[in-house]
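Data block below; observations after.
The values are calculated or read from the model by the stated rules, or taken from the named source; none is laboratory data. As the structure is a prediction and not an experimental result, all values here were calculated from the model. Every residue, glycine among them, receives a Cβ derived from its backbone with ideal geometry; neighbour counts consider all protein chains shown.
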Amino acid sequence: MTKLHELFWTFFKIGAFTIGGGYAMIPLMEQEIVDRRKWMGREEFMDTMSLAQSMPGVFAVNMATNVGFKTRRFIGAAVAVAGNVLMPILMIIAIAMFFRQFSDNMIVESIFKGIRPAVVALIAAPVFKMAKTAKISWHNFWIPVVAALLIWLLGVSPVIIILAAGLGGFIYGKIKGRKEAKK
């Protein structure tokens, strides 16, 4: 059984050492949850990420809630969330207290400009890894591209995209199942 302090410290590390928000946390989460702690397999991790993304709220908190609940039910969910949000809350308070003093500092401005490309890379890396795990190939590559373009260029709600993709996947699965049953 997973110990509560392990759950807390694992998510504390994830919250403390990830710059760039929830999606930038994915590589560290995967390393800790799947590879190091073995709380779930890669497929289950992907499913949990999909669930966390579709739930309302902050992705990182949703992941902590799901993993914590899986390992230790309600108390595990509470402990994982507490660990995950503690350091970012403390950092935000510290930044808020001192930001005015440093906001015009060229060094601080340069540091933030330097962090931006690293955050983009931290978000891009798990996207490619998720594409591989989700078995995205040249045959179905068009689906996420079209979804992104619909959201970006036409302003289509992501909720509609998710519902349409789910319905499309369901219909495709039914058709494919019938074809295989006829063989």
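What to note about this one:
- Residue within region 83-92 that is in contact (Cβ under 8 Å) with a residue 12 or more places away in the chain and within 15 Å of the chain's Cα centre (by Cα) present: yes
- A Cβ distance below 8 Å, combined with a sequence gap of six or more or placement on separate chains, defines the contacts here; from region 42-70, residues that are free of Cβ contacts under 8 Å to residues at least 24 places away in the same chain reach residues that are acidic (D, E) and in a helix (DSSP H, G or I) in the pairs F45/E30.
- Residue within region 143-157 that is over 25 Å from A24 (Cα atoms), part of a helix (DSSP H, G or I) and either touching an Asp or Glu at 6+ places or on another chain (Cβ under 6 Å) or free of Cβ contacts under 8 Å to residues at least 12 places away in the same chain (or both) present: yes
- Scanning region 36-59 for residues that are assigned to a helix (DSSP H, G or I), in contact with a helix residue (DSSP H, G or I) (Cβ under 9 Å, 6 or more places away or on another chain) and of a type in the set (D, E, K, R) returns R36, R42, E43, E44.
- Test: residue in region 101-111 that is part of a helix (DSSP H, G or I), touching a residue at least 40 places away in the same chain (Cβ under 8 Å) and not charged (D, E, K, R): no
- K129 vs. criteria outside any helix (DSSP H, G or I) and charged (D, E, K, R): no
- Residue in region 124-139 that is loosely packed, with under 13 Cβ neighbours inside 10 Å, closer than 21 Å to M46 by Cα, at pLDDT 80 or above and among the charged types (D, E, K, R) present: no
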